[in-house]
Structure formats: structure tokens, C-alpha cells
1. Which one, 353, 365, 386, projects farthest toward the positive side of the charge dipole computed for segment 348-415 from Cβ point charges (K/R +1, D/E -1)?
2. With label points built 7 Å along Cα→Cβ from the Cα atoms of residue 392 and residue 257, find their separation and express it in nm.
3. Between residue 454 and residue 221, how high is the FRET efficiency from 1/(1 + (r/R0)^6) when r is the Cβ-Cβ distance and R₀ = 45 Å? Nearest 0.05.
4. Could you list which residues have their amide H under 5 Å from that of residue 494, counting only those 5 or more apart in sequence or on another chain, with H placed in the peptide plane?
5. What's the Kirkwood radius of segment 430-509 in Å, using all Cα pairs?
6. Taking 7 Å along the Cα-to-C-beta vector as the label spot, tell me the residue 488-residue 347 distance in nanometres, rounded to one decimal.
7. Tell me, what HN-Hα J-couplings in whole Hz come from the Karplus equation 6.51 cos²θ - 1.76 cosθ + 1.60 at θ = phi - 60° for each residue of segment 478-488, using x for Gly and Pro?
8. Cα atoms only: what Rg and Dmax, in Å, come out for segment 92-152?
Amino acid sequence: MLVSLLIIAVILFVVYVKWRQTYWQRKGVTSIPSMFLLGSSPEIILKKVSIGKAFRMRYEEMTKIDRLHAGGYFFWDPVYVPLDPGLIKQMLTKDFHYFMGHGQYYHPKDHLTMNLFNLEGEPWKAMRTKLSPTFTSGKMKLMFNTLLEKALLLQKLIDGYSDKQEAFLIKDLSERYTTDVIGSVAFGIDCNSIEDPVSDFRKYGEKSFQITFRKILLMGIFPWNLLGNLGFKVIDIDVTKFFDSIVKETVRYRESNNIYRKDFMQLLLALKNQGSVDGKPNDEISQKNEKTTVLTDDEIVAQCFEFFLAGFETSSTTMTFALLELALNPDVQDKLREEIVSTIDKADGKITYNDVMTMPYLDKVVNETLRKYPPLSFLSRTCSKTYKVPNTDVVIDKGTRVNIPIWGIHMDPNYYPNPELFDPERFTEENIATRPDFTFLPFGEGPRQCIGLRFGLMQTKTGLVTLLKNFEFSVDNKTSIPIQMAGENIVLHVKGDVWLKATKVVNNN
Ligand code: HEM
């Protein structure tokens, strides 16, 4: 009897999955071929290629058939993939209210998940409004000296390798720099990972990205509210305890000793105690409800945690790929160094916030790096109410996942001819004007665009300026060229790592 029931259950499950995986066919949307149970990108689940690479392959296959849109499956769950930049623009901006969420798990009982990236609907809107004033250029300027201090420590470290003519892992060094920067400005503490490569921050930071297959499956199958109430935690308890204790201790220490520092933590404390970053109540939110104007300690922990995760790896990845391409393209490297040296000369040997943020060639080099290697290779959204795709009869149901293929678009020869070529001139004003809008999306777009865009650029550019002013970079023969991407990372990551060598530049400031 039990065996018969089991057989019936298995048959029903197989029929359900097979039926579910015809969803796009039934809707008349071009379907991305899918595998029973595993969906459209089994290579990701089997860890054969990176998420980024799999999405790029699907983009290339699908745009040969349909340039408007396609539909795939995450396991057996439908995923809508807009391919046309005009449609993407409409979904991310004008029709944003249909696609407000990132579709990430969050639950108050797993309080680190209650961060800006994961929140949806009204709670997201209220949190975004509270946090936006902490990322203005005025606030960035306040933090610039901290960044410079950390960049100089990184320079000292590379000095050591250069003296011994030893190769180094540039991703590892850049990550230690960005970990120290974010640790200092978000948590108000010295992580000291430039000097101590195995700091707790790096250990727990890396652990936060490691989500087991079992957890991914559970989140894919069961309603999140039920999971959360049953005590499911996507973030490991030791990671939660680590960030909880660091942040709450800092909050207590600063409050009881009246410590003031020019960093994010200070701004979050102002939000906690006064309801705004400048001490004045934020009108837009305070009008709504007194309770929504202030941040709680748990909310501060969740935001710091997210700033750390979103900030350290994306920027260190960008620095790594920029230095790799500069090492492979010495003409571009020389031209950029000339710009940096002459700008610093004009400022009496000082590196200033304004100069770092406005050097035109540096901007082109960083943009071209973000085009060729967007750290997040796709944007995610969920459809929050039934949506009719403009100029078609296709209706996307509430709850459908949406993936926007950033890397595929960035490597599409229709927008970027000879896409493998590293060419910063793609970002002159004239060349930008030849491309459709929304064909360059490293930070996303619309109201949910990366809130840390300015900070990420400042951090990446300050690191590059400090290093290029002092060193010439070349690729060590331990790096396999052409590079391949590693399979297990969410953020783009080179398989086998990037080894560089640095030679000191003569006659610099
Ligand atoms: C080169 C560096 C960076 C890149 C390429 C990057 C990229 C992105 C992307 C693609 C998104 C999703 C946008 C969307 O859905 O439309 C995002 C969101 C976000 N990023 Fe960044 N990021 C970077 C640096 C940073 C830094 C330094 C921080 C914090 C200090 C940060 C904090 C966030 C947060 C909190 C969100 C969620 C925003 C929201 O949902 O309202 N990012 N980022």
C-alpha cells in the first residue's frame, strides 16, 4: 500500500514538473531548452560553469532566435528573461512598480536577511529612503581619507613584492584592501586584513556567500514565511553571531563614549537616534509614522552586513580585472598612468576625491572593465503583479522570477563590436551615443539601482590611482591566458586566479 502511494506520488511529481516546464511554451514565449528537474542551466547546479557564463551562453543562444524575450526555468520554476534593451528599460523604470523586488529570501527571524538588497515593497521603499542620504557625494568625501589610508597600506604591501620581484595574487590583495575599507567605514573597526590575510572578517565574509544546495532547494520549494517561522536560517548561525556582536558592540561603545567618526556607522547611528543622517527628521518618512523613521539595532546590523557583502567583493573584482587588462594592454596602462601622474602633479602631489572621481580616461578604463567583467552578471527581479509585456499578448504572472542578462548584453557584438577586445574608447561620448540606452548595466538601473555605486567607484578608482601612480603591472606566467571563469562563484571570479608582477615606476611623486 505504502509503496503504491509512493509510486503514485512520484508519478504525480514527474507529471507536475514536466507540465510546469511547458509554461513558456503555453504562453507563446520562446523557450530556453531545459532539463527535467534541473531546469535551463543544469551546468550551474552541477557547478560545471559559473552562473555568469551559463547566463551568457543562454543569452547568445536565445538572441539568435528572438531578440525580445525568452523564458527558462530555475529547477521547474519559470524565469522570464527580457532581451531587448527597450523592454528592459521599461521594466526597470516606467513599470518598476511591477518588478520591485530582487526575489531574495528574507525573514525577521533571520535578521541579517532584512537588509536593503533583500527587502521588498513598502519596507524596502522606507529603508531606501532612509539610507539614500548616506551615499551622497558629500558623505563620500568625508570617507575619502580612510580609503586613501588603506590604499597606501596596499601600496606598501605591493612594494614588498616588487622589491623581491615576486608575483602576487591581485584578487587576494584587492580583497584585503576593500575588506579593510568597508570594515572601517561600515563597522567602524580595523579589520587589519591587509596585514593579517586570515582575518575573521574575510573568513565570515566568504562564508556568507556559501549557501548550500539543500538551502537553495528548500527556498525554491517552500513558502518563505513558513520556512522562517519554522526556524530556517539561510545565513549560518556563526556568521550571524559574528556580525551581530561586532556591530552591537560598536553601537554601544560609540553611544556610551560619545564617539564621532566620519563613516557609515555614524550615519546609521544618526538614523537610529534622530531619524535622519543630518540630525533633522527626514520629512518624507517622518510624516508617515514615527516608528518608521528610526533604525533599530537589528536593522543596523543587517545594513552593515549588506554593505560589507555588496561592497568588498564587487569592488575588489573590478580592481582585479582592471589591473589584469592593464597588464595585458601596456599602451592603455601607460596612457592611464600619464593621466594620473599629471593630475596629481597639478594638485601638488595630492590625491583628491574630486580628481579621482573626474579623471576622464580612468573613468573610461573602469567602465570598460565593468562592461567586460560585470561583477554581478545578471539582475534579478520578481513580478509583484500581473504584467502584460508591451506590444505583445504575453502576460507574466504574479510571482514569476525575472533575470536580466547583463553580461550577455555587454558582450553582444551588436552593441559592442569585437566584444573580447578591451577598448576604453567605447566610452567616449560619441561612442556611447551610438548605443541604445540600457546596454551598460553594471550597477543595475532604475529605483533599485546599486545604492553604493558612488562608493564602489570611489573605492575602485582610489585603489587603481594609488597603485598605478607607483607601479607598472605585468602578467606573471602562473596566470593562464586566456582566462576562464570559476564555476562556483556568484560574483565573476577567475579560475586559477590572477598572478601579477609589479615594477616600481621611476621619477614619480
Ligand atoms: C564596483 C562595485 C559595485 C558593483 C558593480 C555593484 C553592483 C550592484 C548591482 C548590479 C546591484 C543590483 C541593482 C539592481 O537590481 O538594479 C547592486 C545593488 C546594491 N548594492 Fe552594489 N555594487 C557595487 C558596490 C557596492 C558598494 C560599495 C555597496 C555598499 C557600500 C553596495 C551596496 C549595494 C546595495 C545595498 C544594493 C541593493 C540596493 C537596493 O536593492 O535598493 N554596492 N549593486
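The values are calculated or read from the model by the stated rules, or taken from the named source; none is laboratory data. Quantities reported herein were computed from a predicted structural model and do not represent experimental measurements. Cβ placement follows ideal geometry from the backbone for every residue including glycine, while neighbour counts extend to all protein chains displayed. These area figures cover heavy atoms from the full protein model, side chains too; ligands, DNA and RNA do not enter into them. Shrake-Rupley method; radii C 1.70, N 1.55, O 1.52, S 1.80 Å.
1. Positive-end residue among those listed: 386.
2. The answer from the label model is 5.8 nm.
3. Details: r = 39 Å, r/R0 = 0.86.
FRET efficiency, residue 454 to residue 221: 0.70.
4. Those lying under 5 Å, H to H, from residue 494 are 486.
5. Details: mean 1/r = 0.0614 Å⁻¹.
Result for segment 430-509 stands at 16.3 Å.
6. In this crude label model, residue 488 to residue 347 measures out at 4.1 nm.
7. Each residue's phi maps through the Karplus curve to give 6, 7, 7, 10, x, 6, 10, 8, 6, x, 9 Hz.
8. Every Cα atom of segment 92-152 included, Rg and Dmax give 15.7, 45 Å.
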